[in-house]
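What follows draws every value from the coordinates through simple rules; no lab data is involved. Keep in mind the model is a prediction, meaning the values are calculated, not measured. Note that we place each Cβ from the backbone using ideal geometry, even for glycine, and neighbour counts take in every protein chain shown.
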Amino acid sequence: MSNGHGAFLERLQGILKPDRPEIEAAETSDPRTVAKLRATEHVFGRMFPRQEEQPSDEKLAALANAMREQQDDASGLSSIPAGMTFLGQFIDHDLTLETISKLGITEQNDEELPNFRTPRLELDSVYRSGPGMFPFLYDRRFHLVAGTSSNPRDLPRNNADVALIGDPRNDENLFISQLHGLFLRLHNFILDDMTGGSDPTAEHFARAQRKVRDVYQGIIVDDYLPAIVDGDVLRPLLEGFWNGKLPGPYNWDEAPDMPFEFSAAAFRFGHSQVRGSYMVNASRRVRLFDLGGFQAVPADHNIDWNLFFDHGDGKVQFARQIDTRIADTLLNLPDRVADGGPVSLPFRNMQRGQQTFRLPYGEVVAEALGVHPIDKHQKVIDAQLDQTPLWFYVLAEAEAFGGRLGPVGGTLVAGTLLNLLLRDDDSIVKRRGDLHVDGLDALTLSSVAKLVG
C-alpha cells in the first residue's frame, strides 16, 4: 500500500526556479544540493539475501493479534521520554519515502524501487532543495515560514489548511507536526542570531542551514541513539563511528544507503513505543487519533514539551517499552489511516517486511551478524511460525534486553544511521564542526525545545 502522498510530492517537485540570483547562490553554496540536483533518484537495497519462503497471512495475523496491549497504564512504560517516539518518526520521514510497493504483493524488482528522499541525515524534509526550488517554504529573507496568524506554533498553512512544509507526512499527527515546527523555529533563531537583525545573505542562509543540520545530527548521535539502543550494543558502534569505520562482522562499506532491513523492519520498532493517549499540555489529554492530522492546530492543543522531553522538572511522560506489545489503538487504525488496507499496524508491518520485501527472518540476520539468536518467543510458537519475522524479532530481542534495542535491532538501526553519517562528507563526523549554538545547553531535543519551543 503506497503512502498516498506521491502525487502531491510530484506537484511540489515540479515547481520552477524563480529568477532570483541570490537564492540560486544559496542553493549552490551547499555542495550536497548540487549533488541532489544532479541525481535522478536514490534506491533501496539489501544487507542480506531475500528469503523467498514466507509465512501465510493467517499466521502473521495470529502473531499480530497476540501483540495487543489492553492496558494503557504505567505497567507498560519505559524510562524513554515520550517525545523520542516521534523523533524517530521524524528521522524516518527525513530518510525514506517509497510510494510504489503495495502491501502483501511481492516486489520482484525491489532494489530498483526509488527512494524519494535523500538517504542522508540532512533535514531534506525541512529544507528540500532550498529557496529557489521550493520558494513557498521560505520568506524573502531566507527564513523558513513558520506558524499562522491564529497560532504561531502551528505549521504554516494555506487557505485550505494544508501545511506548507517539505514533507506532507510531517503533518499526519499533532506530535510530529509540532516537532517539525521546532526545526523551523530553530533555523530562524540561528539565522537571526547570526545576522544580529540585519538582512541575511545567501551565505548566512547556508551557514544557518549547516548549523541546524549539525545540531540535528548531534541529537541523533548523543541523544536519540543512547535512549533507544542497549549501551553494550551501542558502545562499539560509536567507537568505530568516531574512528571512521563501523565494526564487523558485517562489512558496512558494502551496505546499501537505505537497507530494506532498516526501513521495512528494524526502524519500525517505534510503533511499540506509542501510547494510547498523551497529555498534550496541562489541560488536555488526547488519544492518538482523536486529533487527526492535515488540519490546523488550535492554540490550546500546542504541546508542552516538558511533558515529552526530560527537562529535569519531573513532568515528562514516558514512551511504552520497546517490546512485543502494541497499544490497542494501533490494531484498530481509523479508516483514514488504513486507507482501505488492513487495520492492524503490526500485521501491516510484518506483511510489508516478509511478504512484500521477502526479508530474512530474525534468526537468519542474527547469525549473519555473528550474534547468538534469542530463544523463540512464545507468541511466535503459538502462531505456529517456524522462524521469526524480522520486525517482531527486533521487538522480542528488545524485550529480552530490558526495553532497548539489542544486538540485531540496535546494530541495524544505529549502524545504518551512523553509516549514513560516515558516508556524508559534510556530516559532523567528517567535518568535526562547531556545534555550539548560543542558548543551547546540550545536543538534546529537550534543549532545542527549551530554546525555541
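The packing ranking, built from the mean of other Cβ atoms within 10 Å per residue, places the peptides 267-279, 151-163 in the order 267-279, 151-163, highest first.
At 20 °C and 1.002 mPa s, grab the translational diffusion coefficient of the range 6-452 from Stokes-Einstein with a Kirkwood Rh over Cα pairs, rounded to a whole number in µm² per second. Please report the intermediate quantities before stating the final value.
Details: Rh = 22.5 Å.
Reported coefficient: 95 µm²/s.
Lys-Lys pairs in the range 6-452 that are eight or more residues apart or on separate chains and whose Cα atoms lie under 23 Å of each other come to 10.
Would you mind telling me the antiparallel percentage of the DSSP bridges in the chain, rounded to 5? In the chain, DSSP labels about 75 percent of beta bridges as antiparallel. Under 5 Å from the amide H of Asn115 lie the amide H atoms of His42, Val43, Phe44, each residue being 5 or more positions distant or on a separate chain, with H modelled from the backbone and absent for Pro and chain starts.
Helix by helix, which DSSP H runs in the chain go 24 Å or more along their axis at the Cα atoms and have an average Kyte-Doolittle hydropathy of 0.0 or more? Don't skip to the end; give the middle numbers.
Details: long enough: 174-195 (32 Å, 0.70); 202-219 (26 Å, -0.84).
In the chain, the long hydrophobic H runs are 174-195.
Summarising the amide proton neighbourhood of Asn281: residues at separation of 5 or more, or on other chains, whose placed amide H is nearer than 5 Å comprise Asp304.
I'd like to compare 45-56, 243-254, 220-231: which one has the highest average count of other Cβ atoms within 10 Å, and what's the full order after that? Walk me through the intermediate numbers first.
Working: 45-56: 15.7, 243-254: 12.5, 220-231: 20.3.
Going from most to least packed, we get 220-231, 45-56, 243-254.
Taking amide H positions as modeled 1.01 Å from N, with prolines and chain starts lacking one, the residues under 5 Å from Leu77 and 5 or more places away or on another chain are Gln321. Extent along the principal axes, Cα only, for the range 297-453: 56, 42, 31 Å, with the longest axis given first. Here the range 233-299 and the range 359-412 have alpha carbon centers that stand 18 Å from each other.
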